[in-house]
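These notes concern the structure reproduced below.
The values are calculated or read from the model by the stated rules, or taken from the named source; none is laboratory data. A quick note: this is a predicted structure, and the numbers were derived from the prediction, not measured. Every residue, glycine as well, gets a Cβ built from its backbone with ideal geometry; the counts of neighbours run over all protein chains shown.
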Amino acid sequence: MPNDAAKKARAASTHGDAGSLIAAAFDHLPGAVVLFDHERKIASWNRSAADLLDSRADSFHAGLPLSEMLSGLLEQGAIDLGSEMPEVWHRRMLAAHSDGNSFDQALSDGMVLRVRVSRSDDFLIAVYNDITDLYGRERELHDSRQRLKRMNEISVALTGEKDLDTLIEMIMLEAKELTGADGGTIYLKAEEPGQAVMVDGKRIDRRTGGDRRLGDRRRRVSCPPAGMAERRSGSDRRDGRDRRQTRETLRFAILRNDTLGIAMGGSSGMDITLPELPLYDLQTGEPNRTNVASFAALTGNTVNIADAYNAEGFDFSGTRRFDEMNSYRSTSFLTVPLKDRKDVVIGMLQLINARDGDGNVVPFDPSLQQDVEALASQAAVSLDNGLLLAAQSQLFESLMRVMADAIDRKSPYTGGHCTRVPALTEMLAEAACMATSGPLRTFDLNEEQKFALHVAGWLHDIGKVTTPEHIMDKATKLETIHDRITEIETRFATAKRDAEIAFLRASQEEGADRPALEHAWRELAAELDDDLAFLQLANIGGEFMAPEKKERVHRIAARTWRDAGGRATPLLSENEVHNLCIDRGTLTSEERKVITDHMEITIEMLEQLPFPKSLRRVPEFAGLHHEKMDGTGYPRGLTRDQMSVPARIMAIADIFEALTAADRPYKQPKTLSESIRIMTFMKKDHHIDPELFDLFIESGVYLDYANRFLKPEQIDSIDVDAVLGRKAQ
């Protein structure tokens, strides 16, 4: 390395020529200036250049070629090459020292030089300016812009994600990438409503302590009056815990650890079985401030811990046990609350073991903590939206099921129909989507369309809520609120009694022919009994009412009986005659119209609901399941070509469920073979879609449904080839 005396001698020897004069002109500037001659050898330099290069190059003197100067810098390790090979850098620098070029170069000691090369007369002038501070500020600005850009990208991605599990996973992965964390957890805040307390057989309101049954709103006290024992029933005397209060916990939503290869929750498909973290002590009700996650949730503050094993104020005994079991070392923790728009904590983001560029575990950088908090803020908004959508979807689903259950409970004649039809509809729709051959191979439903069909299945009979029970449940022809056959039986009994009284009175008269009178009376009584038996049988509606039977009803109606006022009154009213003359079944044409109108009402009710765009076909799917492929169905009389595939699917599901239902009090459930045989005839008569019915059989959906919903004795074998019109192989 040249000493100061040699340096001054070299400078003195060169300051006599033109190059020296030019270099001397730059002595007052802080930038290092080096002049190269036409052979690109060092001709002269200023003082700053001597200070900069003489200490970093192996040899620096007049006449030194640029190539050797660069090699000297490499040999002394003065250049920060990054990932670039030395020979590549050397060639690039030789080329860069050309007129008009400008470039930056980092040195190994952290200094950054900005090099500008220009030509003046016979010299190539290279100016090396120290821009370390400027470069650092530019780097910080660039990094800041990149972080801002990335945060915007993350925000857009989070806002656009609709699936809650995927959203939670995105938040976790982005936070890990941002901090270089080895693992992390997202908790969601959960609330479990308090349980009712029974006192002397009465339910006590958990909010007020009053008797809810009596509307009592007495203020609850924490203990019974002095000298009095709390009067709880034995079934409520469990473990001393007050179960009336709402229980708040942190529930694991996702868990990741790269080193241990753990991926649970989110879209992993693996459930997290770890227990929830209580925010309050289950026994005392005191806030749980010993766990770092619950502490951050309770206070709403971020907690940054450099080393969990040396942290004060928190209990990491569970973490230590986990580490011992898995040969792991949990060190740095960053726990950030996720807050909604109202600044209420809805979850927690916890990151573990930040890593530097070399993979070493380090504390979480406070500057990155701000970025994580910003990410958490954006994530919380998206997460809150997702949770609200999930809650609304759950509420909507519950309302659908409540409505369907109300319809099923309204009449025992429908049983669990509104529950089973959507299940079978979705099973057959899924089989149609999976078809790879045949006419349905191009059919498919996206998730929104599947949900629309799901909604339609649950609401397909909502119109029945307006159907009167006495029509829906009409088991006999004369049934209204009650079966009016009992009134007719009373009239016949009265008519027989009157006939007997008339016989007895007549027989007491002088000269009466008692045997003849008795014979006439007994004939009349037998005739009345026969007519009543006929009406009782006709009332059941199990046989076709031929014209001669209708005539007999009218003849019976012409008979009279005397009411309580002694007035002669027909045995049958006009309405009773009208009902008893029903050709088949128990419903009049007017009542049948009321029954079939439930489809029109279903469509009207559903069309009044402000469904979003994805659910606007629900009224169509739900309201056409009584249509037939030949156009003879109701309510619209549509043909197969006028109906969508989902509507035709629901028609098959509705029929098969009705045939196999075992909870109808008016009929015995049919077996699989009986039901399939009936539907085979319906297929031939163009009442149901033939392609969907074949798929229903060939895919085995009928059997899957039977195994889920039918009684074992209903499940018998069927000849699939015969049903499908194929010869047995």
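Restricting to the range 543-577, name every residue that is more than 27 Å from I501 (Cβ to Cβ) and part of a loop (DSSP other than H, G, I, E, B).
E543, F544, M545, A546
Restricting to the range 342-387, count the residues that are part of a strand (DSSP E or B) and either hydroxyl-bearing (S, T, Y) or closer than 19 Å to D182 by Cα (or both).
Going through the range 342-387, the residues part of a strand (DSSP E or B) turn out to be 345-355, 361-362.
With the extra rule that they be either hydroxyl-bearing (S, T, Y) or closer than 19 Å to D182 by Cα (or both), the set shrinks to 348-355, 361-362.
Number of matching residues: 10.
Among the residues of the range 481-510, what is the count of those that are under 60 Å from the mean Cα position of the chain (by Cα), surrounded by 14 or more Cβ atoms within 10 Å (Cβ to Cβ) and among the polar types (S, T, N, Q)?
Of the residues in that region, 0 qualify.
On the basis of being of a type outside the set (S, T, N, Q), farther than 16 Å from S268 by Cβ, surrounded by 18 or more Cβ atoms within 10 Å (Cβ to Cβ) and not assigned by TED's automatic domain parsing to the domain that holds F103, does A126 make the cut?
On the way: of a type outside the set (S, T, N, Q): yes; farther than 16 Å from S268 by Cβ: yes; surrounded by 18 or more Cβ atoms within 10 Å (Cβ to Cβ): yes; not assigned by TED's automatic domain parsing to the domain that holds F103: no.
The answer is no for A126.
Looking only at residues that are in contact (Cβ under 8 Å) with a residue 12 or more places away in the chain and of a type outside the set (S, T, Y) in the range 151-162, which one is farthest from A376 (Cα to Cα)?
Of the residues in the range 151-162, the ones in contact (Cβ under 8 Å) with a residue 12 or more places away in the chain are 151, 154-155, 157-159, 161-162.
Within this subset, residues satisfying the condition of being of a type outside the set (S, T, Y) are 151, 154, 157-158, 161-162.
Details: M151: 11, I154: 11, A157: 14, L158: 11, E161: 16, K162: 18 Å.
The selected residue is K162.
I need every pair where a residue in the range 473-488 that is closer than 11 Å to N579 by Cα and touching a residue at least 60 places away in the same chain (Cβ under 8 Å) has its Cβ under 6 Å from the Cβ of a residue that is surrounded by 13 or more Cβ atoms within 10 Å (Cβ to Cβ) and hydroxyl-bearing (S, T, Y), sequence separation at least 6 or different chains.
Pairs found: T476/T586; K477/T586.
Among (1) free of Cβ contacts under 8 Å to residues at least 24 places away in the same chain; (2) in contact with a strand residue (DSSP E or B) (Cβ under 8 Å, 6 or more places away or on another chain); (3) not aromatic (F, W, Y), which single condition is G542 missing?
Every condition holds for G542 apart from (2).
Given the conditions (1) at pLDDT 90 or above; (2) under 30 Å from T290 (Cα atoms), which single one is not true for S398?
With respect to (1) at pLDDT 90 or above; (2) under 30 Å from T290 (Cα atoms), S398 is out only on (2).
When the residues of the range 39-54 are filtered to those that are of a type in the set (G, A, S) and assigned to a strand (DSSP E or B), which remaining residue is surrounded by the fewest Cβ atoms within 10 Å (Cβ to Cβ)? Break it down stepwise before answering.
As a first pass, look at the range 39-54 and keep what is of a type in the set (G, A, S): 43-44, 48-50.
Among the residues that remain, those that are also assigned to a strand (DSSP E or B) are: 43-44.
Values: A43: 25, S44: 28.
Of everything passing the filter in the range 39-54, A43 is surrounded by the fewest Cβ atoms within 10 Å (Cβ to Cβ).
Specify the residue that is farthest from E698 (Cα to Cα); the eligible residues are those in the range 399-413 that are touching an Asp or Glu at 6+ places or on another chain (Cβ under 7 Å) and surrounded by fewer than 20 Cβ atoms within 10 Å (Cβ to Cβ). Break it down stepwise before answering.
Of all residues in the range 399-413, those touching an Asp or Glu at 6+ places or on another chain (Cβ under 7 Å) come to 407, 410-411, 413.
Cutting the leftovers down to surrounded by fewer than 20 Cβ atoms within 10 Å (Cβ to Cβ) gives us 410-411, 413.
Details: K410: 36, S411: 34, Y413: 31 Å.
Among them, the one singled out is K410.
Being of a type in the set (A, V, I, L, M), free of Cβ contacts under 8 Å to residues at least 60 places away in the same chain and assigned to a helix (DSSP H, G or I) is the filter here; which residues of the range 631-660 pass it? Break it down stepwise before answering.
The initial filter retains those residues of the range 631-660 that are of a type in the set (A, V, I, L, M), namely 638, 643, 645, 647, 649-653, 655, 658-659.
Filter again for free of Cβ contacts under 8 Å to residues at least 60 places away in the same chain, leaving 638, 643, 647, 651, 655, 659.
Hits for the range 631-660 are A647, A651, I655, L659.
Tally time: how many residues in the range 511-522 are surrounded by fewer than 16 Cβ atoms within 10 Å (Cβ to Cβ) and of a type in the set (A, V, I, L, M, F, W, C)? Spell out how you get there, then give the answer.
Looking only at the range 511-522, we keep the residues that are surrounded by fewer than 16 Cβ atoms within 10 Å (Cβ to Cβ), and these are 511-516, 518-520, 522.
From what is left, the residues that are of a type in the set (A, V, I, L, M, F, W, C) are 512, 516, 520.
Qualifying residue count for the region: 3.
Please go through (1) farther than 17 Å from L453 by Cβ; (2) assigned to a helix (DSSP H, G or I); (3) polar (S, T, N, Q) for T602 and return the number of the only condition it doesn't satisfy.
(1)
Take the residues of the range 529-549 that are of a type in the set (D, E, K, R) and more than 59 Å from the chain's Cα centre (by Cα): which is surrounded by the most Cβ atoms within 10 Å (Cβ to Cβ)? Walk me through it before giving the result.
Pass one, the range 529-549, residues of a type in the set (D, E, K, R): 529-531, 543, 548-549.
Subset that is more than 59 Å from the chain's Cα centre (by Cα): 529-531, 548-549.
Working: D529: 12, D530: 11, D531: 20, E548: 7, K549: 15.
Only one residue tops the list, namely D531.
If L70 passes every condition in (1) within 30 Å of E174 (Cβ to Cβ); (2) over 54 Å from the mean Cα position of the chain (by Cα) but one, which one does it miss?
Unmet for L70, out of (1) within 30 Å of E174 (Cβ to Cβ); (2) over 54 Å from the mean Cα position of the chain (by Cα): (1).
Tell me, which residue of the range 269-302 that is part of a loop (DSSP other than H, G, I, E, B) and touching a helix residue (DSSP H, G or I) at 6+ places or on another chain (Cβ under 8 Å) is nearest to K339 (Cα to Cα)? Show your work before the answer.
Of the residues in the range 269-302, the ones part of a loop (DSSP other than H, G, I, E, B) are 269-276, 279, 281-286, 288-291, 300-302.
Imposing the further condition that a residue be touching a helix residue (DSSP H, G or I) at 6+ places or on another chain (Cβ under 8 Å) reduces the set to 279, 288-289, 302.
Values: L279: 16, N288: 19, R289: 19, T302: 11 Å.
For the range 269-302, the residue satisfying everything is T302.
Could you check, for the range 367-377, whether at least one of its residues is among the acidic types (D, E) and either closer than 30 Å to E140 by Cβ or at pLDDT 85 or above (or both)?
Looking only at the range 367-377, we keep the residues that are among the acidic types (D, E), and these are 371, 373.
Now drop any that are not either closer than 30 Å to E140 by Cβ or at pLDDT 85 or above (or both), which leaves 371, 373.
Checking the range 367-377: at least one residue is among the acidic types (D, E) and either closer than 30 Å to E140 by Cβ or at pLDDT 85 or above (or both).
Out of the range 424-466, which residues are assigned to a loop (DSSP other than H, G, I, E, B), farther than 21 Å from T660 by Cβ and touching a residue at least 40 places away in the same chain (Cβ under 8 Å)?
Here is the first cut: in the range 424-466, the ones assigned to a loop (DSSP other than H, G, I, E, B) are 435-446, 459-461.
Retained after the next criterion (residues that are farther than 21 Å from T660 by Cβ): 435-446, 459.
Correct list: A435, G438, P439, L440, F443, L445, L459.
Scan the range 589-599 residue by residue and report those that are of a type in the set (V, I, T) and either closer than 23 Å to V455 by Cβ or free of Cβ contacts under 8 Å to residues at least 60 places away in the same chain (or both). It would help to see each step written out before you state the result.
Kept after step one, since they are of a type in the set (V, I, T), are these residues of the range 589-599: 594-596.
Hit for the range 589-599 is T596, nothing else.
With surrounded by fewer than 18 Cβ atoms within 10 Å (Cβ to Cβ), over 26 Å from C433 (Cα atoms) and assigned by TED's automatic domain parsing to the domain that holds G637 as the only criterion, which of D663, D704 stands out? Spell out the reasoning first.
Numbers: D704 fails: over 26 Å from C433 (Cα atoms).
Selected residue: D663, the only one of D663, D704 that is surrounded by fewer than 18 Cβ atoms within 10 Å (Cβ to Cβ), over 26 Å from C433 (Cα atoms) and assigned by TED's automatic domain parsing to the domain that holds G637.
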